[in-house]
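One structure is given here, and the rest of the page talks about it.
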Amino acid sequence: MPEIKLVNISKHICSGLNLVIKDKEILVIVGTTGAGKTTLLNVIAGVTDYKGSVYIDNVRVDRVSPGKRGVGYLFQGLALFPHLTVEDNISYGLRASGTEKSEVLERVSMLMDMMRIKHLSARYPHMLSGGEQKRVALARSLAPSPRVLLLDEPTSSLDHQTAKYLRSELTDVLKKLKVTAVYVTHDL
């Protein structure tokens with residue numbers, strides 16, 4: 001998994017930002033609403049214009065499309081497809097990229113086991129609790145084996161106990177998969 005390096009990044013509130021996120025590091029950024037946390041994630045993902053340079057694994061990716069940066073993104077709004085089951089939501093990106101069916105089934109099964117949601121595989125998002133939806137969205141963002149995972153307020157809108165449990169689970173999963181991650185939150 002790669003190191004991420006931001007050099008003189010400027011976009012809205014982020015101005016002249018320089019930052020190095022080490023290989024396999026889980027960097028947590030805490031800040032108030034409007035502090036530029038999501039902007040920072042969008043810059044790394046390449047889904048917004050910015051000034052400066054982003055390097056992933058010592059390769060400058062400023063002109064690399066978001067889909068080719070090797071970045072997984074867990075959006076705050078989750079963006080689960082309401083008409084797809086849990087299993088289909090998780091496998092969507094793999095199937096869309098033409099991954100072999102056997103590999104898709106193996107990866108999705110492994111992630112559902114890891115996230116403890118295998119029993120939910122045939123359910124639809126509206127049938128899930130908030131914590132279950134977060135687990136599905138996390139599994140989907142990890143399905144294509146991203147080199148970098150960006151997490152935008154992954155425990156927002158969860159009760160304190162569920163958020164605490166999910167944070168612990170998330171840390172274990174990221175360490176097991178050896179993913180470099182940037183986790184932004186307003187919640188200490």
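Short-range pairs are left out: with C-alpha atoms under 8 Å and at least six residues apart, the relative contact order of the chain is 30 percent. Accessible surface calculations at 1.4 Å, restricted to protein heavy atoms, place the chain at 53 Å² per residue. Restriction of the GluC sites (Glu not before Pro) in the stretch 45-113 to DSSP coil positions whose beta-carbon has at most 12 other beta-carbons within 10 angstrom yields GLU100. Cross-link reach is defined here as a Cα-Cα straight distance under 14 Å, omitting same-chain residues fewer than 8 places apart; for LYS11 the aspartates and glutamates meeting it are ASP49, ASP62. Oblate is the label for the stretch 108-188, because the ratio a/c of its alpha-carbon gyration tensor axes (a ≥ b ≥ c) is 1.5 or higher and a/b is not greater than b/c.
Counting only DSSP beta bridges with both residues in the chain, the antiparallel share comes to about 45 percent. With 10 Å bins beginning at zero, the pair-distance distribution over Cα atoms of the stretch 1-71 amounts to 20, 57, 22, 0 %.
Adding -39500 (n - 2.57) for every DSSP H run of four residues or longer, then dividing by how many residues the chain holds, sets the calculated 222 nm ellipticity at -11000 deg cm²/dmol.
Summary of packing: across the peptides 39-47, 112-120, the per-residue average of other C-beta atoms within 10 Å ranks them, highest first, as 39-47, 112-120.
Taking the Cα centre of the stretch 130-188 as reference, the dipole from Cβ charges on Lys and Arg (+1) and Asp and Glu (-1) amounts to some 340 debye. Highest mean first, the peptides 73-82, 133-142 sorted by other C-beta atoms within 10 Å per residue fall in the order 133-142, 73-82. Apply the a/c threshold of 1.5 to the C-alpha gyration tensor of the stretch 47-119 and tell me whether it is rounded, prolate or oblate. Here the stretch 47-119 falls in the prolate category.
Close amide H contacts of ILE29 (hydrogens built in the peptide plane, cut-off under 5 Å, sequence separation of 5 or more or a different chain): TYR183, VAL184, THR185. About its Cα centre, the dipole of the chain is roughly 280 debye, where the only charges are +1 on Lys and Arg Cβ and -1 on Asp and Glu Cβ.
With 21 Å as the limit, the listed pairs LYS22/LYS134; LYS37/LYS176; LYS22/LYS118; LYS24/LYS68; LYS37/LYS134 have LYS22/LYS134; LYS37/LYS176; LYS22/LYS118 beyond it between alpha carbons.
The values are calculated or read from the model by the stated rules, or taken from the named source; none is laboratory data. Everything numeric in this text was worked out from a predicted model, so none of it was measured. Glycine also receives a Cβ, built like all others from the backbone with ideal geometry; neighbour counts cover every protein chain displayed. All accessible areas refer to the heavy atoms of the entire protein, side chains included, with ligands and DNA or RNA removed. Shrake-Rupley method; radii C 1.70, N 1.55, O 1.52, S 1.80 Å.
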